[in-house]
Amino acid sequence: EFYGDYIAVNPHVFSLNLLGCCQGRSWDPAQLSRTTQGLTALLLSLKKCPMIRYQLSSESAKRLAECVKQVITKEYELFDFRRTEVPPLLLILDRSDDAITPLLNQWTYQAMVHELLGINNNRIDLSRVPGISKDLREVVLSAENDEFYANNMYLNFAEIGSNIKNLMEDFQRRKPKEQQKLESIADMKAFVENYPQFKKMSGTVSKHVTVVGELSRLVGEQNLLEVSEVEQELACQNDHSSALQNVRRLLQNPKVTEFDAARLVMLYALHYERHSSNSLPGLITDLKNRGVSEKYRKLVSAVVEYGGKRVRGSDLFSPKDAVAITKQFLKGLKGVENVYTQHQPLLHETLDQLIKGKLKDSQYPYLGPNTLRDRPQDIIVFIIGGATYEEALTVYNLNRTNPGVRIVLGGTTIHNTKSFLEEVTASGFRGRTTESSQVTPRSSSRR
């Protein structure tokens, strides 16, 4: 038997393609059963019988952990694999613990393509691209059979452009008659159209020229460099007055789309939810005056209901211990290598602690009486409510820098901002209308 009841997205990432798995904080029963099947199919196909840990602050994580454990117990003969010295570990998390990551613009290739164009089972719809040729209306991006994509999917956007340029210059060197300047993306597009043999020789590259060209057009048209810089400030810094000033400034900029305007206010609302000078009502009014639709204005409070402070089991914004605080201080002194990619998903810290054997049992308990004595080596981490390509990049880097540790990341789906907001709405968080959207401070008791 082959157990393939899930979608393999990258070599270390899988998805179940399920949107809206919960109703409020509880599972939709049909989705719970489907997720249990998908997750157990993954364990069987990887031949893993894991110990299970889950996020204590999430009822859904505990419920899924119990359902998977039930199947393992019931089908114990199927799960009777050769024992390894250190048993594998399944860690079940909840998206609502980090609603920041799926709200950010991305700058590494795969994540950026999904954010701006949308990847659907490795396919991208380019039919809306101005002047697109018939054969490029839908393209496939798969690391398995596209060498350029496999080598570039985790690189920053700026590097992709220069890698394409190098390939073209290499072609020109071999065909000295065909010299042409390649200063811009437009030059590269013209080059591909003019030299059919280059197209033949590297069909995949001409596809990437089109994709990168479209990303580059959207970045300029929607002012994304500036938007992204402020998003990163909202996610990583703690300077309220600077953040507020920058959000207000961008809300006045006609190039910023209503989608990005709402996204900035959502990030502000999540970060400064309990701040004494919280100015959310004013920002909501700014959105309204700008003509941002009520759908997006309501989503601001819906996102806070979904992933606000009252719900989170972890501290998303301030570093916990002295080491982390020192690190953040030094980072501030050194300046950030790249202002657009300073954010690290919460998952990075969680997995880093797990690999070092320091992840607190009080926040991520084991299901059942047994616990791991050694540091885990085989880790499967699953996010209820969807993972992101930024988290896929985090896992890729952790696998690379921790020899002997193998991490696989899965989620009910793989989100970009648009699908994440659909997830929030589908889970029944509708938000309040603008007039009553002043967030009233609640007592900080856990639900």
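Show K181, K309 ordered by accessible area, largest first, where the area counts protein heavy atoms only and the probe is 1.4 Å.
Details: K181 130, K309 95 Å².
Sorted descending by solvent-accessible area, the residues read K181, K309.
When DSSP beta bridges are restricted to pairs lying wholly in the chain, around 35% turn out antiparallel. Mean-square fluctuations from a GNM of the chain, with a 10 angstrom spring cutoff on Cα atoms, peak among V292, V303, V13 at V292.
Holding the Cα-Cα limit at 25 Å, pick out from K47/K69; K255/K295; K74/K358 the pairs that are longer than that. It would help to have the intermediate numbers written out before the result.
Working: K47/K69 15 Å; K255/K295 20 Å; K74/K358 32 Å.
Checking Cα-Cα distances, K74/K358 exceed 25 Å.
A simple count of charges around I92, restricted to other residues whose Cβ falls under 13 Å of its Cβ and scoring Lys, Arg +1 and Asp, Glu -1, yields +1.
Volume per residue, Å³, of the convex hull around the alpha-carbon atoms of the stretch 44-85?
Normalising the Cα hull of the stretch 44-85 by residue number yields 77 Å³.
The order of the peptides 115-123, 272-280 by mean Cβ neighbours within 10 Å, most packed first, is 115-123, 272-280. When every Cα-Cα distance of the stretch 337-394 is counted in 5 angstrom steps from zero, the calculated P(r) takes the values 4, 13, 24, 23, 17, 11, 5, 2, 1 percent.
With only Lys, Arg, Asp and Glu charged, each at its Cβ (+1 for the first two, -1 for the last two), find how big the charge dipole of the chain is about the Cα centre; round to the nearest 20 debye.
Details: 57 positive and 52 negative charges, 99 e Å.
Dipole size: approximately 480 debye.
Which percent of the accessible area of the chain is formed by carbon and sulfur heavy atoms (probe 1.4 angstrom)? If you can, show how the numbers build up before the last one.
Numbers: 10520 of 21420 Å².
Carbon and sulfur: 49 percent of the exposed surface of the chain.
Estimated from helices alone, the mean residue ellipticity of the chain at 222 nm is -14500 deg cm²/dmol (sum of -39500 (n - 2.57) over DSSP H runs with n ≥ 4, per residue).
Can you tally the net charge around R137? Count Lys and Arg as +1, Asp and Glu as -1, for every other residue whose Cβ sits under 14 Å from the Cβ of R137. Display every interim value, and only then the final one.
Details: positive: R123, R128, K134, K207; negative: D125, D135, E138, E214.
In short, 0.
Comparing mean-square fluctuations of A111, A269, A30 from a GNM of the chain with C-alpha springs under 10 Å, the top value falls on A30. Computed from point charges on the beta carbon alone (+1 for Lys and Arg, -1 for Asp and Glu), the dipole magnitude for the stretch 1-159 about its Cα centre is near 380 Debye. Averaged per residue, the chain has 48 square angstrom of accessible surface, using a 1.4 angstrom probe with ligands and nucleic acids left out.
Considering every alpha-carbon pair of the chain, the percent of pairs per 20 Å bin, from zero through the bin containing the longest distance, is 23, 54, 22, 1.
The values are calculated or read from the model by the stated rules, or taken from the named source; none is laboratory data. It should be emphasised that the depicted structure is a prediction, and the values quoted were computed from it without experimental measurement. Backbone-built Cβ (ideal geometry, glycine too); neighbour counts: all protein chains shown. We work out accessible area using only protein heavy atoms, side chains counted, and drop any ligands, DNA or RNA first. Shrake-Rupley method; radii C 1.70, N 1.55, O 1.52, S 1.80 Å.
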